[in-house]
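Below: the structure, in structure tokens.
The values are calculated or read from the model by the stated rules, or taken from the named source; none is laboratory data. On a predicted model such as this, the values are computed, not experimentally measured, just so you know. We place every Cβ from the backbone using ideal geometry, glycine too, and count neighbours over all the protein chains shown. For accessibility, only protein heavy atoms count, side chains too; no ligands or nucleic acids. Shrake-Rupley method; radii C 1.70, N 1.55, O 1.52, S 1.80 Å.
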Amino acid sequence: LAVTVTDASGKPLPGAKVSVEMKRHAFGWGSCVTVRNLLRQDADGEKYRHVIEKHFTRVVFENDLKWESWDNPANRANILKASDWLLERNIEIRGHNLIWPSWKLMPRDLAALKDKPDALRQRINSHIESEVSTMKGRLVDWDVINEPYNNHDVMDVLGDAEMAEWFKLARRFDPGVKLYLNDFAILSAGGMDTRHQDHFEKTLRFLKDSGAPITGLGMQSHFGGTPTPPEKMLSILDRFAALGLDISITEHDIDTEDEQLQADFTRDFLMTVFSHPSVVGVLTWGFWENSHWRPNAAYYRSDWSVKPAGQAWLDLVTKTWWTNAALETGADGTGRTRGFLGDYEITVTHNGATKRVPAALTKAGAHVNVAF
């Protein structure tokens, strides 16, 4: 980041004081959230919203956009209301998920169509059209397919080629959203579930070869008390980065009663994935003990006190990986620094006058000009 300060005629002003203050990460840091908690009007609701607004740049609805929830019209107004609250605060939203292709994980009427492929196809396509069209412009990502390794009832009827058609359909109804395949046990399970990893890569390559407009792959990253070594995770990330797609950590948590192990591995896991150039975001699968599918894995206890793992997350994301700098312009009127990618406010003071300008630091860098 370079900040050049000049007078009105363009002459460099050496000795100007420049304050560089980061406002927001470009990287997607966040959690799954629930519509219910976002809209609740009590002290816990206030605290829940405060944590999201203060610390997260990206969220995903835990269950609210899943098919059965979406098919309940009573839910949709609240989903849109919660989405509005997030978007008003510039918090990005992932969509999870469009197709979880198992009879037990979709609306019950689909299983009755397994001997009627045309009707099954139409039911699925109508769902994709409805949900993607309604949420168009509100989401940055869609998990088009979730967990196809374990859940493939629909593909057993319609064929694997249908998966590519779901991606194409989602793209038709929202040209701007990024489209993902999401699955588990890729980085977790000690990094040793090679059958799952091989199936994930095979499916991703099949989708690309079939012309599916896939732009990203989601690695859920649910861990228990046996962490995967960072070196192993890096090798797995390198393997999948070769596909040329964005990688998102979509559902991270560490379920253990050993709070020190949890904190240490949170630190090591975040360092590992943030260091990799193909990873664009990390979402934990919940952050508050009272709203978490695995309460031991939460960053905040039920009374909102921060657990050691939560403190590890905060220390890295809001301190270590956060840029604030004080500069002074040199003879050429320019001050320079390096920073984490994101949005900044630049404050320049010269001869008692002050000017503030916004800046966005990207991988290409940024050069800001301030004239007095």
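Spacing of the modelled spin labels on PHE340 and GLU129, each 7 Å from Cα toward Cβ, amounts to 4.4 nm.
Once the mean of 1/r is taken over each pair of separate Cα atoms and inverted, region 226-372 shows a Kirkwood hydrodynamic radius of 18.2 Å. Got a sec? Which residues in region 29-55 would a label at LEU80 touch, if it sits 7 Å along Cα→Cβ and we count backbone N under 12 Å? Of the residues in region 29-55, none has backbone N under 12 Å from the label point off LEU80. Here's the picture: charge each Lys and Arg Cβ at +1 and each Asp and Glu Cβ at -1 in the chain, and of GLY224, ILE214, THR57 the one pushed furthest to the positive end of that dipole is THR57. By the equivalent-ellipsoid construction on the alpha carbon gyration tensor, region 113-186 comes out with semi-axes of 21, 17, 9 Å, ordered largest to smallest. Stokes-Einstein diffusion for the chain, with the hydrodynamic radius set to the Kirkwood value over Cα pairs and evaluated at 37 °C in a medium of 0.692 mPa s, equals 147 µm²/s.
Filter the cross-link list LYS11/LYS355; LYS81/LYS307; LYS116/LYS208; LYS66/LYS232 down to pairs whose alpha-carbon distance in this structure exceeds 22 Å.
Working: LYS11/LYS355 17 Å; LYS81/LYS307 31 Å; LYS116/LYS208 28 Å; LYS66/LYS232 32 Å.
From the list (LYS11/LYS355; LYS81/LYS307; LYS116/LYS208; LYS66/LYS232), the Cα-Cα distance tops 22 Å for LYS81/LYS307; LYS116/LYS208; LYS66/LYS232.
If you roll a 1.4 Å probe over the heavy atoms of the protein chains, what accessible area per residue do you get for region 249-372, in Å²? All intermediate terms of the calculation are to be shown ahead of the outcome.
Numbers: 5750 Å² over 124 residues.
Accessible area per residue, region 249-372: 46 Å².
Would you kindly state how much longer the chain becomes between ASP209 and ASN63 on full extension, computed as 0.36 nm times their sequence separation minus their alpha carbon distance, in nm to one decimal?
Difference between extended and current length: 49.5 nm.
Efficiency by 1/(1 + (r/R0)^6): what FRET value for ALA112 and SER302, r their Cβ-Cβ distance, R0 = 41 Å, to the nearest 0.05?
Working: r = 42 Å, r/R0 = 1.02.
The pair ALA112/SER302 has a calculated efficiency of 0.50.
Taken along its principal axes, the alpha carbon cloud of region 63-186 reaches lengths of 45, 33, 28 Å, longest axis first.
Express in nm, to one decimal, how much length is gained between ALA161 and ALA2 on full extension, taking 0.36 nm for each residue of separation and deducting their alpha carbon distance.
Values: separation 159, 0.36 × 159 = 57.24 nm, distance 4.95 nm.
Net length gain for the segment: 52.3 nm.
Ignoring ligands, DNA and RNA, what percent of the 1.4 Å accessible area of the chain is carbon and sulfur?
Details: 7840 of 16100 Å².
Exposed carbon and sulfur together represent 49 percent of the surface.
Given their separation in residues at 0.36 nm each and the Cα-Cα distance between them, LYS355 and ASN72 gain 96.7 nm when the chain is fully extended. Per residue, the accessible area of region 68-209 comes to 45 Å² when a 1.4 Å probe rolls over the protein heavy atoms.
Its residue count N sets the reference 2.2 N^0.38 Å, and the alpha-carbon radius of gyration of region 149-301 equals 1.10 times that reference.
The value given for region 319-372 is a Kirkwood hydrodynamic radius of 12.3 Å, derived from the mean inverse Cα-Cα separation.
Of the chymotrypsin sites (Phe, Trp or Tyr not before Pro) in region 210-305, the ones in a loop by DSSP (not H, G, I, E or B) with at most 15 other beta carbons within 10 Å are TRP293, TRP304. Residues within the reach of a label modelled at ALA43 (point 7 angstrom out along Cα to beta-carbon, backbone nitrogen below 13 Å), restricted to region 278-318, are 303-305. Across all C-alpha atoms in region 1-111, the radius of gyration and Dmax reach 21.6, 73 Å.
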